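Presented below is the structure to which this report refers.
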């Protein structure tokens, strides 16, 4: 059953990613990206990583993709203004071939990873132990994140206001 | 446990996808008629719509969406802390205070330049 | 990994929950008309059946058999799936919500929750945030300026209030230390004095306000305020496609009522001689009634006032509430 779910979810993740590249309209691309993100959330759920599962849904599918579609809605690009992509299939094919070495590298890195000898703790990946870890061992990165968010916030405000005054 | 959830939401999603389809299929039961103006845009009864939906919108909307993304990330980080509040003690509280204060500074800046005031 | 028994149990529960909530959503429209009518010294629907009870069936038949109109210029596939997304997300969120205390039926213990997980609250919030795509896609695919404006308003307001609801629910979580709704319920077993509403009054008020907003109910229904933007994102919708938005809205209302009852009002714990299940029903009915009462009593709020109150009042308040709770607990 687990394998079946894994294959099912991976299929949708790949399908969404593929559609995201192939589809012509930006809205359709964004929608198929949502499919990918939700399927990834399901994969996290299969791994019992409940925090990542929630983050994936709330932040990626709920917030960032909403922002994408929101912007697509505002820009309101008409069909006639979309760029013509005459040789799209060819380029996709060539791009795929170019990326093969990279994929091989990823595969090799994957097989080079050490196998997990002892079983993980029962609650591995759940929110509570993750919080305990994050707020003791990974304190500095956590505080740096808030700095990063602050910079992003100010940058967004500056950009959004530029052409308004 | 999470697998259980996944299974459950799949089942509910399937059911609720099935339900609307059933509902929508029922529209075939009623009579259908084609008239010239039926598929026109709704404009409170005026026969020719005024303006189009193609105008650009205020950047304020976009700004709010960006702010939401940032604060959403912040809130997500607060959940693991809230669960471990007692174990982490005052140290954890002050960590979180720093985190909140940095973002509050950003929010204060946004208030300050009146980016959130809608006229 | 899964027992066949578990799968069957889940399917049965899911069917029951979806059917009951869909029926309740329909019934709630009737209740809404009646309650609003009585508050305005009218009688409401009276002609179909005793006390107008069959009005529900009449409306249903009318809605089901209405012609499915797709306006010209609309982006067809997106226009067609938007209401389905709205209804589906409203129901999927219910997968992690417990309704009643567990009970025994034919010697088999039943937990009235489709799936008991330890991140239930985050899950419900997450699915609710995905629900934004319903209005958003509906508005952008309709090719109507009212729809577009309505969608922009809807998204901006739902996003803003998601921040408030997320922050306000943190304080109770800090006290209980669990995201599971069952744990939150079990932390309030000691009668009325144990309800979190007394310890977290501010969080309760903030969460309730955010709940009203997220369901687009009055006084925050600027999203579909007839006098300003016709019917908002649903302007071009008719028949059952519009009905799906409607069902989604009422299902969301029920979910919010259940959440508020569990987090702040003691959930399904037995009270005095009243059993827990009945208690839960009473609380949820009370909240539904409150939704309607507020609609009858409060005027609309302007969108700019709404944004003002959200970002400059409610959000700082909820952060302050978290900090105070943190200090008080340690």
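Taking the listed residues B:53, B:58, B:9, the one that is at pLDDT below 70 and crowded, with 21+ Cβ neighbours inside 10 Å is B:9, with no other qualifying.
Entry remark, the stretch C:54-64: residues being surrounded by 14 or more Cβ atoms within 10 Å (Cβ to Cβ) and free of Cβ contacts under 8 Å to residues at least 24 places away in the same chain number 2 in total.
Let's see how each residue does on (1) at the interface with another protein chain (Cβ under 9 Å from one of its Cβ atoms); (2) at pLDDT 80 or above; (3) buried (at least 22 other Cβ atoms within 10 Å of the Cβ); (4) not in a helix (DSSP H, G or I):
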residue	(1), (2), (3), (4)
C:148	yes, no, yes, no
C:155	yes, yes, yes, no
C:162	yes, yes, yes, no
C:173	yes, yes, yes, no
C:183	no, yes, no, no
C:189	no, no, no, yes
C:209	no, yes, no, no
C:222	no, no, yes, no
C:248	no, yes, yes, no
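Being surrounded by 14 or more Cβ atoms within 10 Å (Cβ to Cβ), in contact with a strand residue (DSSP E or B) (Cβ under 7 Å, 6 or more places away or on another chain) and modelled with pLDDT under 80 is the requirement here; does residue C:114 meet it? No: the conditions fail for residue C:114.
The residues in the stretch C:42-78 that are part of a loop (DSSP other than H, G, I, E, B) and within 14 Å of chain B (Cβ to nearest Cβ) can be counted, and the count is 10.
Does the stretch C:254-265 contain any residue that is assigned to a loop (DSSP other than H, G, I, E, B), more than 14 Å from chain B (Cβ to nearest Cβ), closer than 30 Å to residue B:97 by Cα and within 20 Å of the chain's Cα centre (by Cα)? Among the residues of the stretch C:254-265, at least one is assigned to a loop (DSSP other than H, G, I, E, B), more than 14 Å from chain B (Cβ to nearest Cβ), closer than 30 Å to residue B:97 by Cα and within 20 Å of the chain's Cα centre (by Cα), which makes the answer yes. For the condition part of a loop (DSSP other than H, G, I, E, B) and surrounded by 15 or more Cβ atoms within 10 Å (Cβ to Cβ), residue C:26 does not qualify. Listed by first and then second residue, the pairs linking a residue in the stretch B:62-77 that is more than 7 Å from chain C (Cβ to nearest Cβ) to a residue that is modelled with pLDDT under 85 and not in a helix (DSSP H, G or I), with Cβ atoms under 9 Å apart and 6 or more places separating them unless they lie on different chains, are B:63/B:115; B:63/B:116; B:67/B:115; B:67/B:116. Here the helices (runs of 4 or more DSSP H) wholly within the stretch A:1-85 that include at least 2 residues being surrounded by 17 or more Cβ atoms within 10 Å (Cβ to Cβ) and within 12 Å of chain C (Cβ to nearest Cβ) are A:26-46, A:50-55, A:65-75.
For the stretch C:191-207, a tally of residues being part of a helix (DSSP H, G or I) and surrounded by fewer than 21 Cβ atoms within 10 Å (Cβ to Cβ) returns 9. With respect to (1) within 21 Å of the chain's Cα centre (by Cα); (2) under 29 Å from residue A:132 (Cα atoms); (3) outside any helix (DSSP H, G or I), the lone exception for residue C:99 is condition (2).
Against the definition (in contact with a helix residue (DSSP H, G or I) (Cβ under 9 Å, 6 or more places away or on another chain), more than 9 Å from chain A (Cβ to nearest Cβ), in a helix (DSSP H, G or I) and over 26 Å from residue C:83 (Cβ atoms)), how does residue C:168 come out, yes or no? Here the answer is yes, as residue C:168 does meet what is asked. Which of the residues that make up the stretch C:122-146 are outside any helix (DSSP H, G or I), within 7 Å of another protein chain (Cβ to nearest Cβ) and within 21 Å of the chain's Cα centre (by Cα)? Passing the criteria: only C:132. Might you check whether a residue that is outside any helix (DSSP H, G or I) and within 14 Å of chain B (Cβ to nearest Cβ) occurs anywhere in the stretch A:125-133? Yes: the stretch A:125-133 contains one or more residues that are outside any helix (DSSP H, G or I) and within 14 Å of chain B (Cβ to nearest Cβ).
The values are calculated or read from the model by the stated rules, or taken from the named source; none is laboratory data. Please read all numbers here as calculations on a predicted model, not as lab measurements. No Cβ is skipped: glycine too gets one built from the backbone with ideal geometry, and neighbour counts run over all protein chains shown.
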